[in-house]
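Take a look at the structure below.
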Amino acid sequence: MAIQTSTTLKTYFNTGDQPSETEFGHLIDTIRKPVVDLDATTYAPTAAESGTTFTFDGTACAVTLPQAAIGLHYSFVFAATAVTSLITTQTADGFAGALLTTTAAFNETNLTNTTSVVDSWATTIDTLTFNGTTQGGLLGTRIDVFAVTALIWQVSGHNIGSGTLVTVAS
């Protein structure tokens, strides 16, 4: 059984079709989105993995998103402090959006520009870098990316860092 695109799944359920056990298995696997541990140095999610949550586990990993196509979406969570974790678009694509980046010390009594920053950017940005300190990527960080056009990935989430915070965007 494997994750399939919605186009493929629709072919299993046309009028008069009798889907096989394997085809039902594909449907179940596609509906239940997996959590994938990013334990390699590079990873390239596929369109079929849209909706998947990817976990940075403390291993340095560079993720390259597929070409943006409206509706694709991926979530990234940090289960351990980042070493050097990158999320990159294809050459013609870009990121647009904002992240709330805070330090672990962020709370209602110490809200300052050294404990929190809204990191926002336009579509000329194609790489997000998390270093485990000033660029965030500490345990609890979550980044969501959604393809809103054929060239733009919208980014949102919260990023936890330490020290004097700097942008993750480049």
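Using a Förster distance of 22 angstrom, determine the FRET efficiency expected from the C-beta separation of ILE70 and THR91, and round it to 0.05.
Numbers: r = 19 Å, r/R0 = 0.85.
The formula returns an efficiency of 0.70 here.
About its Cα centre, what dipole magnitude does segment 6-60 give when the only charges are +1 on Lys and Arg Cβ and -1 on Asp and Glu Cβ, stated in debye to the nearest 20?
In total the dipole reaches around 200 debye.
In segment 39-100, carbon and sulfur make up what percent of the accessible area (probe 1.4 Å)? Don't jump to the answer; show the numbers that get you there.
On the way: 1450 of 2340 Å².
Answer for segment 39-100 is 62 percent, counting heavy atoms of protein chains only.
Simple spin-label model, 7 Å along Cα-to-Cβ: GLN18 to ARG32 in nm?
Label at GLN18, label at ARG32, 2.6 nm between them.
How many Å² of accessible area per residue for the chain, probe 1.4 Å?
Per-residue value: 50 Å².
Just round it to a whole percent: the fraction of Cα-Cα distances in the chain exceeding 30 Å. Could you put the intermediate results ahead of the total?
Values: 3506 of 14365 pairs.
Tail of the P(r) past 30 Å holds 24 percent of the pairs.
Pick out, in residue order, every one of the chymotrypsin sites (Phe, Trp or Tyr not before Pro) in segment 1-44 that is DSSP loop and has at most 16 other C-beta atoms within 10 Å; say none if there are none.
TYR12, PHE13
The values are calculated or read from the model by the stated rules, or taken from the named source; none is laboratory data. The model shown is predicted, which means the values in this text are computed figures rather than measured ones. Neighbour counts run over all protein chains shown; Cβ positions are idealised from the backbone, glycine included. Ligands, DNA and RNA are excluded from the accessible area calculation, which covers all protein heavy atoms including side chains. Shrake-Rupley method; radii C 1.70, N 1.55, O 1.52, S 1.80 Å.
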